[in-house]
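Colleague: This is the structure I have questions about; it appears just below.
The values are calculated or read from the model by the stated rules, or taken from the named source; none is laboratory data. Keep in mind the model is a prediction, meaning the values are calculated, not measured. Positions of Cβ are generated from backbone atoms using ideal geometry, with glycine treated the same way; all protein chains shown enter the neighbour counts. Side chains are part of the model used for accessible areas, which takes the heavy atoms of the whole protein and leaves out ligands, DNA and RNA. Shrake-Rupley method; radii C 1.70, N 1.55, O 1.52, S 1.80 Å.
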Amino acid sequence: QVKCDKRPGRCMQCERLQLDCFGSSEEAVESLVNGRSSARVEKRTRTYRSCNQCRSSKLKCSGERPKCRRCAARSIACVYDTDSAPAWIRSIEQSTRRNNEPREESTMSAEAENSESNDLGIREDGLYSWLFSRALPSVPLRRRLAEQYFNHHHPLRCFGFIHKPSFMQRLDEDKLSSKAELALLYIVCAIGVKFYALHARQDQYQLSLKQVQLAGSQWAKQATSMILGDYGNISIENLMATLLLHDYEIGSGNHAQAFLLSALTARMASALQINLEYSTDILYVGESRGAPSAVEREERRRLMWACYDIDTWNGSGVEQLTLLNETDIKIQLPCNSRDFLHGRPTITQNLQSPQDLEFITPVSMPIASSESLGIIAHYIRLVAIWKRILRYFKHLDEAAAPWLPDSEFSNIESDLRRWKNDLPESLQWNASSIYIRRESSQLGALLVLNCIYHQTVYDLYRIGLPELFNIREHLHFPLEQKEYQERARLECFNNAQQIAVILSTALQHGADVLADTKLPSLTYNANRVMLYYLARYISPNSQESQRILAETVKHIKGNNEALRAMSPLFPLALALVW
């Protein structure tokens with residue numbers, strides 16, 4: 001858009017810029033009609049960089065490749081710098097290529113993968129380079145990782161909601177194709193590879209602590225992108241993947257992300273209405289064809305209770321942070337693992353009592369029996385009691401004195417004692433149960449159940465240690481109740497010691513037993529209780545005090561050893577060592 005001087009033939013501006021000139025508007029129309037130009041010249045090629053010879057001579061370079069006009073006329077070598085285009089031009093070109101050219105997911109961040117692998121000391125073609133790749137490994141390796149997941153993580157607390165035979169069949173037949181199913185596969189592999197890498201490290205395969213901690217992290221990121229990129233897809237598979245991702249983030253120390261994911265799981269559960277039984281005909285006496293199978297219904301129940309579990313832990317007794325109320329969960333407790341594995345429809349019990357099963361028809365009502373209950377059901381009842389304890393301490397100033405027989409404290413104490421008495425011998429921490437549960441890959445679950453029981457006990461009796469637990473409203477103990485206060489303190493101390501004993505025994509069976517994300521903080525808090533009790537209430541003068549001191553120091557050292565053993569799975573565990 002430069003003013004034309006209308007010089008006949010070719011104007012000055014077109015001659016200067018070496019452009020085709022069509023003359024004045026009248027001449028331009030005539031030229032276009034006749035299909036000719038008043039002056040055609042070869043269009044000038046512009047360049048961002050001059051060749052080295054032209055630049056050194058301070059002469060204008062035409063910029064042709066491989067030789068400019070001046071170098072070609074003089075028959076001399078024509079050399080350009082490697083980066084002939086300016087940096088801003090190269091940046092634009094690269095950005096354009098990324099936006100316009102479709103690329104495979106595995107190549108989108110190849111440079112980032114290689115950089116991370118190099119930082120970890122893993123060669124791109126190394127034996128374990130696939131542990132840090134964004135792409136999942138081959139199908140045989142995926143199966144091995146899924147087996148690791150089902151052996152070590154699946155039995156823990158409430159995470160046994162995936163029916164293993166169905167999942168493995170879909171994996172072998174390559175039927176995990178939807179985005180939600182792929183997200184579930186990615187997070188299952190991300191959790192399973194932790195144990196694969198841990199075992200490789202124990203077998204002297206030269207994997208460092210950091211390499212074990214970061215193994216599968218790219219797959220977890222992929223699962224996160226799939227879940228959050230399609231969070232409007234409310235499905236059973238998407239809820240499963242989100243629950244597992246929540247636990248993965250807890251183990252990685254990303255508590256803010258986990259807190260937000262817990263809200264997403266609660267809303268998904270409400271949208272799916274899995275807090276209600278699909279049908280009161282649980283035994284399929286008159287069920288119509290096309291109804292969900294017994295396996296699918298049990299998956300829904302277990303998912304609901306898993307959502308309740310993490311909502312309870314994240315709420316910590318604060319009403320405003322709690323999204324799920326047990327009174328709104330009108331489903332039975334999960335059945336035992338055998339019935340779930342074989343897809344047998346089973347009637348269990350309600351959360352509160354065996355007789356309170358209003359959603360089941362009277363014809364189907366069984367005789368109350370704990371044999372149908374598995375380790376998950378007992379754990380859920382324990383979590384419900386723990387939730388009541390936390391809420392009790394939120395209004396301690398309004399509650400009746402705990403030593404009164406009809407007080408809220410006494411009722412909780414009685415229910416906790418009843419839970420312990422109703423716990424089958426096979427679920428208590430003893431030598432026989434340890435080896436039986438080890439063979440069925442449930443030793444980790446048995447460990448967590450008993451450790452959380454002892455934590456629940458000392459959380460109840462924290463009234464005796466108000467300074468340690470930062471209780472806002474200190475309870476005043478009259479002189480005649482000093483013995484009651486001493487008993488509460490001793491209960492805290494003894495149960496913290498029991499946690500140390502359990503962890504010490506469990507560690508003898510391998511670090512992969514310590515796989516629950518609650519164990520690092522639980523171990524740390526047990527150490528706090530023991531050290532506080534020693535410092536405040538044990539006099540070092542007596543012989544009995546010396547024995548207690550030596551025993552407690554041994555327990556704390558054992559807990560520290562357990563925390564170090566957890567560190568490959570949970571990076572923050574090392575920071576909790578005393």
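Colleague: Hey, among the residues in segment 469-499 that are aliphatic (A, V, I, L, M), part of a helix (DSSP H, G or I) and more than 20 Å from L427 (Cβ to Cβ), which one's most open to solvent (accessible area, probe 1.4 Å)?
Modeller: L479
Colleague: Next up: When you go through (1) surrounded by fewer than 19 Cβ atoms within 10 Å (Cβ to Cβ); (2) under 20 Å from F159 (Cβ atoms); (3) without any contact (Cβ under 8 Å) to a residue 60 or more places away in the chain one by one for A400, which number turns out not to apply?
Modeller: (2)
Colleague: Checking S441 against (1) closer than 20 Å to S426 by Cα; (2) crowded, with 23+ Cβ neighbours inside 10 Å, only one condition comes out false. Which one?
Modeller: Answer for S441: the failing condition is (2).
Colleague: Still on this structure: L549 versus (1) buried (at least 16 other Cβ atoms within 10 Å of the Cβ); (2) of a type in the set (A, V, I, L, M); (3) touching a Leu at 6+ places or on another chain (Cβ under 8 Å): which is the lone unmet condition?
Modeller: (1)
Colleague: Please enumerate the residues belonging to segment 403-427 that are open to solvent by less than 60 Å² (accessible area, probe 1.4 Å), without any contact (Cβ under 8 Å) to a residue 12 or more places away in the chain and assigned to a helix (DSSP H, G or I).
Modeller: If the condition is that a residue be open to solvent by less than 60 Å² (accessible area, probe 1.4 Å), without any contact (Cβ under 8 Å) to a residue 12 or more places away in the chain and assigned to a helix (DSSP H, G or I), then S410, S414, S426 are the ones that fit.
Colleague: In addition: For the list (1) modelled with pLDDT of 90 or more; (2) open to solvent by less than 40 Å² (accessible area, probe 1.4 Å); (3) under 29 Å from S166 (Cα atoms), I need the number of the one condition that R338 fails.
Modeller: (2) is the only condition that R338 fails.
Colleague: Is it fair to say N541 is open to solvent by 60 Å² or more (accessible area, probe 1.4 Å) and either part of a loop (DSSP other than H, G, I, E, B) or within 26 Å of P466 (Cα to Cα) (or both)?
Modeller: Against the criterion (open to solvent by 60 Å² or more (accessible area, probe 1.4 Å) and either part of a loop (DSSP other than H, G, I, E, B) or within 26 Å of P466 (Cα to Cα) (or both)), N541 qualifies.
Colleague: If you don't mind, another one. Need the failing condition index for D281 against (1) among the charged types (D, E, K, R); (2) surrounded by 14 or more Cβ atoms within 10 Å (Cβ to Cβ); (3) under 30 Å from R437 (Cα atoms), just the number.
Modeller: For D281, the exception is condition (3).
Colleague: Is it the case that segment 301-318 has a residue that's out of contact with any Pro (no Cβ under 7 Å at 6 or more places or on another chain), basic (K, R), in a helix (DSSP H, G or I) and surrounded by 14 or more Cβ atoms within 10 Å (Cβ to Cβ)?
Modeller: No, because not a single residue in segment 301-318 is out of contact with any Pro (no Cβ under 7 Å at 6 or more places or on another chain), basic (K, R), in a helix (DSSP H, G or I) and surrounded by 14 or more Cβ atoms within 10 Å (Cβ to Cβ).
Colleague: With the checklist (1) at pLDDT below 90; (2) open to solvent by less than 60 Å² (accessible area, probe 1.4 Å); (3) out of contact with any Lys or Arg (no Cβ under 9 Å at 6 or more places or on another chain) in hand, flag the one item N118 doesn't pass.
Modeller: (2)
Colleague: Can you tell me which residue is nearest to the chain's Cα centre (by Cα) among those in segment 195-246 that are in a loop (DSSP other than H, G, I, E, B) and buried (at least 21 other Cβ atoms within 10 Å of the Cβ)?
Modeller: G216
Colleague: Considering only residues that are out of contact with any helix residue (DSSP H, G or I) (no Cβ under 6 Å at 6 or more places or on another chain) and not in a helix (DSSP H, G or I), look in segment 371-397 and name the one that is most open to solvent (accessible area, probe 1.4 Å).
Modeller: Checking each candidate, the answer is E371.
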